[in-house]
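Take a look at the structure set out below.
The values are calculated or read from the model by the stated rules, or taken from the named source; none is laboratory data. Please read all numbers here as calculations on a predicted model, not as lab measurements. For neighbour counting, all protein chains shown are included, and Cβ atoms are generated from backbone atoms with ideal geometry for every residue, glycine included.
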Amino acid sequence: MTTPSPLGPGSVPAFSVSEAELAGLAGRLAHRAEDEALLEVAYRILESPVGRLLLAATERGLVRVAFEREGFDEVLSGLAQRLGPRILHAPWKLDAAAAELEEYFAGHRRQFGVPLDFALSHGFRRAVQQRLPDIGYGRTMSYRQVAELLDRPGAVRAVGTACATNPLPVVVPCHRVLRSDGGLGGYLGGLEAKETLLGLEGRAVAA
Amino acid sequence: MYVWPGAGPHVFPPGADYGVMTMMPPFDLAVRTHGATVLRVCRAVLGPGPDADDAWQETFLAALRSWPDLEAVANLEAWLVRVAGRKAVDVLRARQRQPVPVEELPDTVVAPASDADGHAAVWTAVAALPERQRLAIAYHYLGGLRHTETAELIGSTPEAVRRAAADGLRTLRDRYDG
């Protein structure tokens, strides 16, 4: 954050601005953007037992939960293209979602109540994702069972894809979907995260 | 990692179908990437304090309003610096029209809000420079605009801009060496 002086060292000092000042300015800007209805997507970062999570919301509700391994900058540019580029760090817009997640990670919450926005998924994938909360806390289903639940017994692979592209992991519990042989299957947040979540819910899972 | 195109021209092929959405990057990234430069420009013109902060806010609000339409802007930082410069000069002119009893900005101007890094005093020193030197430093040295463009903006010549920036920087250097 320093501007090197062309006059040589020890001459003109850095024209410094501090990170704290910039963060304060950006916060005020986000409030004004909200007041002027210029905020399309608000986001914040949350520390969790499965690493840092990015939470993003539209006016309709929580629209994205992302794991750090997905690359937060990549995630934000994906949201810009699909939902609109007026994206700002506005943590207060995600206070309710963050509080529910913190309660969940502390073992004090079994289901989520914040409004969800499924704008990032469509068709059968969205149908699968919207049914996943029916798999209760601490329970699991196989990809095949989920396909049958949706009256599409042949769509096992499509269920796998729906889980793999779940825009709202943790909150929409795709971690509760396992392979028919009890194997973990895959997870966007990494298998370790899937194990952590299942362990938190009281399920010991053989990797 | 995202490659931010602000540093150089980024060209979107004309007529390409991007659907309803724009290809603009997240606005948040623009704030993180260019926030510091814009604040330096505002402070160089107005001194550290609420006026510079307001100019910064107005600059980014203007950018946010037009954000989806800024695809055609080849150099976003230069665009922001020009807007910030105009906003800051507007405040400056308004100050000059209704002169509050301002003491000839001496060495003891208002202490900047935060001196956490021990360098905040530089802004006080910049504020004490003649206006032409402050503007040359703001647009060219801190904002990265070319001499020619800076000259157009402040109604001067490239050579005068070059000299004003150099004179201003020399004064700052003398102050800090002395």
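For this structure, a couple of remarks:
- Filter result for the condition that a residue is within 14 Å of B:GLY143 (Cα to Cα), within 10 Å of the chain's Cα centre (by Cα) and modelled with pLDDT of 95 or more, over B:VAL83, B:VAL45: B:VAL83
- Of the residues making up region B:143-164, those that are in a helix (DSSP H, G or I) and surrounded by fewer than 24 Cβ atoms within 10 Å (Cβ to Cβ) are B:HIS147, B:THR148, B:GLU149, B:ALA151, B:GLU152, B:LEU153, B:ILE154, B:PRO158, B:GLU159, B:ALA160, B:ARG162, B:ARG163.
- Exactly one residue out of A:ARG152, A:ARG131, A:ARG125 is free of Cβ contacts under 8 Å to residues at least 60 places away in the same chain, surrounded by 14 or more Cβ atoms within 10 Å (Cβ to Cβ) and assigned to a loop (DSSP other than H, G, I, E, B): that is A:ARG152.
- The requirement of being surrounded by fewer than 18 Cβ atoms within 10 Å (Cβ to Cβ) and under 19 Å from B:PHE27 (Cα atoms) is fulfilled somewhere in region A:83-99, by at least one residue.
- Applying the criterion of being within 16 Å of the chain's Cα centre (by Cα) and surrounded by fewer than 21 Cβ atoms within 10 Å (Cβ to Cβ) to the residues of region B:130-142, the residue that is farthest from B:GLY47 (Cα to Cα) is B:ARG132.
- The single residue among A:LEU188, A:LEU168, A:LEU178 that is crowded, with 19+ Cβ neighbours inside 10 Å, hydrophobic (A, V, I, L, M, F, W, C) and at pLDDT 95 or above turns out to be A:LEU168.
- Pairing residues of region A:71-99 that are more than 21 Å from A:ARG109 (Cα to Cα) with residues that are among the polar types (S, T, N, Q) and not in a strand (DSSP E or B), at Cβ distances under 6 Å and at least 6 apart in sequence or on separate chains, gives A:PRO85/B:THR22.
- In region B:21-44, the residues that are farther than 26 Å from A:ALA56 by Cβ form Cβ pairs under 7 Å with partners that are of a type in the set (Asp, Glu), at six or more places apart or across chains, as follows: B:THR37/B:GLU77.
- A:ALA42 vs. criteria over 21 Å from the mean Cα position of the chain (by Cα) and modelled with pLDDT of 95 or more: no
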